[in-house]
Amino acid sequence: MIGSHRLRRFAPLGVAAVLALALAACAQSYPNSTFTPHSDLGRSIDFLWDRLMFFGTIVFVLVEGALIYVVIRYRRKSEDVMPPQTHGHVLLEITWTLIPAAILAFIAVPTVKTIFETQAPAPANSLVIEVYGHQWWWEFRYPEYKFTTANEIYIPKGRTVDLVLRSQDVIHSFWVPQLAGKRDAIPNHTNHIWFKPDSNMATTVWNGFCTEYCGDSHGEMHFRVVTVTPEQFASWVTRQQAPGFFGPAAAPTVAGTADSTGAVASAATPGAPAVAPAVGPTASPAQLASYVLPRSEVPEYAIPHTPFPDAVKFDDKLTGDPVAGEKLFVGAGTCNACHAVTGNPLAVGTIGPNLTHIGSRIAIAAGMYINDKPHLSRWIKNARLMKSGVLMPTLGKGQYDPQTKATTPAGLSDQQVADLVAYLQALK
Ligand code: CUA
């Protein structure tokens, strides 16, 4: 009896707490929520969810209500008396078969309709983006504009984007909760997902995820989708089509010589044009002025806050030289074996992400770390300690490689890493 009194006293408090929690949840805005879709496909899925939830709730309340009623009404009231035993009731059985059948039909019609609509080929004028899942990063190719990028895409608002999903290794899955998803990227099979981002939405960034378990660093296989106006998109495309260029144009500089790591190289600043012979053409004024989302406009939720491991030490006071960094980048058997920088004929590797405009990306390591000097330098020095299982080798001199369980005797000094970072950051 005491227990039931207590229950009665605390029940209203419990209900109030649950309600307060529910209201608090509604008041917040969740950047990775599927409940605030910003595309036609997102809304189609959201509509089905709402409908299922609505009818599901009605069924739940009716069934559970009937169950509780029957349990109480027909319970065994005395040890000696058996409650009435009923075996079969034709009318009841027909009723509880027909009602669920009608409900299922009611749900099935819009569901099947939506499946057919969203599985149909994309409209003819769609922006095609070829998506390749890799362990653990995303490659994005824009065949219409003939460039390749990684882990970050821009899409114009109001134009349907047709993502052609493939995988280079295992099954991954493409998901941008606020826009669309999910759909698998499967080896030896091509999947499509297409949607039209709302034309009245903000110029902003959305988080994308791999949502199919794909190995060690599945949880660190993110990407970013930047929704921009058609004008901003056209301008961004101009940038992406340009070779990797060294910041804003400066006065013509005398080309350095092959051994100019001394005077010429140290005089170079991150804003100066590339001078090494292997450097591609500098950008045109239109390319230099092209659009990229300013860092100040990147919403907080799209900025990774993963701390780097303490085990990877780096002298952050070092200043790098981009020209020396570029020479290191294309040196025998180094970065260019796996990475491409468009415009540099010596950097055409395709194993790792294309780095042509890496300097303008928000994050590195597939969205795991912010793209700044401390993180990028540690990533180059010992990527395998930064992200479990990656292909990127351990490059720092004397660094412990967690995959080979050995220390790298030869390798890059901190100054050389700083030079590489200066080069990569200059590739805007
Ligand atoms: Cu790729 Cu999980």
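The values are calculated or read from the model by the stated rules, or taken from the named source; none is laboratory data. Since this is a predicted model, take the numbers as computed values, not measurements. Using ideal geometry, Cβ is built from the backbone for each residue, glycine included, and neighbour counts are taken over all protein chains shown.
Values computed for the structure shown
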| quantity | calculated |
| --- | --- |
| Search result, residues across region 61-90 that are surrounded by 11 or more Cβ atoms within 10 Å (Cβ to Cβ) and either aromatic (Phe, Trp, Tyr) or under 28 Å from residue 121 (Cβ atoms) (or both) | 74 |
| For residue 358: the one exception among (1) of a type in the set (A, V, I, L, M, F, W, C); (2) farther than 20 Å from residue 148 by Cβ; (3) touching a strand residue (DSSP E or B) at 6+ places or on another chain (Cβ under 6 Å) | (2) |
| Meets criteria (of a type in the set (Ser, Thr, Tyr) and part of a loop (DSSP other than H, G, I, E, B)) for residue 388 | yes |
| Neighbours by Cβ (under 8 Å, 6+ apart or cross-chain): first from region 166-180, in contact (Cβ under 8 Å) with a residue 24 or more places away in the chain and basic (Lys, Arg); second within 9 Å of the ligand (Cβ to nearest atom) and outside any loop (DSSP other than H, G, I, E, B) | 166/133; 166/185 |
| Residues satisfying the stated conditions in region 12-28, i.e. modelled with pLDDT under 65 and either small (Gly, Ala, Ser) or not in a helix (DSSP H, G or I) (or both) | 24, 25, 27, 28 |
| Single residue of region 343-355 satisfying the filter (at pLDDT below 90 and either on the phi > 0 side of the Ramachandran plot or of a type outside the set (Gly, Ala, Ser) (or both)) that is nearest to the chain's Cα centre (by Cα) | 348 |
| Residues within region 365-393 that are hydroxyl-bearing (Ser, Thr, Tyr) and buried (at least 24 other Cβ atoms within 10 Å of the Cβ), tallied | 1 |
| Tally, over region 169-193, of residues that are out of contact with any Ser or Thr (no Cβ under 7 Å at 6 or more places or on another chain), of a type outside the set (Val, Ile, Thr) and part of a loop (DSSP other than H, G, I, E, B) | 3 |
| Test set (1) modelled with pLDDT under 90; (2) surrounded by 10 or more Cβ atoms within 10 Å (Cβ to Cβ); (3) not in a helix (DSSP H, G or I) - residue 37 fails condition number | (1) |
| Flag if residue 311 is part of a helix (DSSP H, G or I) and touching a residue at least 40 places away in the same chain (Cβ under 8 Å) | no |
| Test: residue in region 132-150 that is over 18 Å from residue 354 (Cα atoms), among the basic types (Lys, Arg) and assigned to a loop (DSSP other than H, G, I, E, B) | no |
| Residue 108 assigned to a loop (DSSP other than H, G, I, E, B) and hydrophobic (A, V, I, L, M, F, W, C) | no |
| Hits in region 162-185 - residues which are of a type in the set (Val, Ile, Thr) and more than 10 Å from the ligand (Cβ to nearest atom) | 164, 176 |
| Criterion violated by residue 238 - all others in (1) away from the ligand (no atom under 16 Å from the Cβ); (2) modelled with pLDDT of 95 or more; (3) assigned to a helix (DSSP H, G or I) satisfied | (2) |
| Residues of region 194-228 satisfying the condition of being more than 9 Å from the ligand (Cβ to nearest atom), in a loop (DSSP other than H, G, I, E, B) and crowded, with 18+ Cβ neighbours inside 10 Å | 196 |
| Lone unmet requirement of (1) within 28 Å of residue 225 (Cα to Cα); (2) assigned to a loop (DSSP other than H, G, I, E, B) for residue 336 | (2) |
| Some residue of region 366-384 being at pLDDT 90 or above and at positive phi | yes |
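Results for (1) of a type in the set (Phe, Trp, Tyr); (2) in contact with a Ser or Thr (Cβ under 9 Å, 6 or more places away or on another chain); (3) modelled with pLDDT of 95 or more, shown as yes or no for each residue.
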| residue | (1), (2), (3) |
| --- | --- |
| 99 | no, no, no |
| 103 | no, no, no |
| 153 | no, no, yes |
| 160 | no, yes, yes |
| 163 | no, no, yes |
| 166 | no, yes, yes |
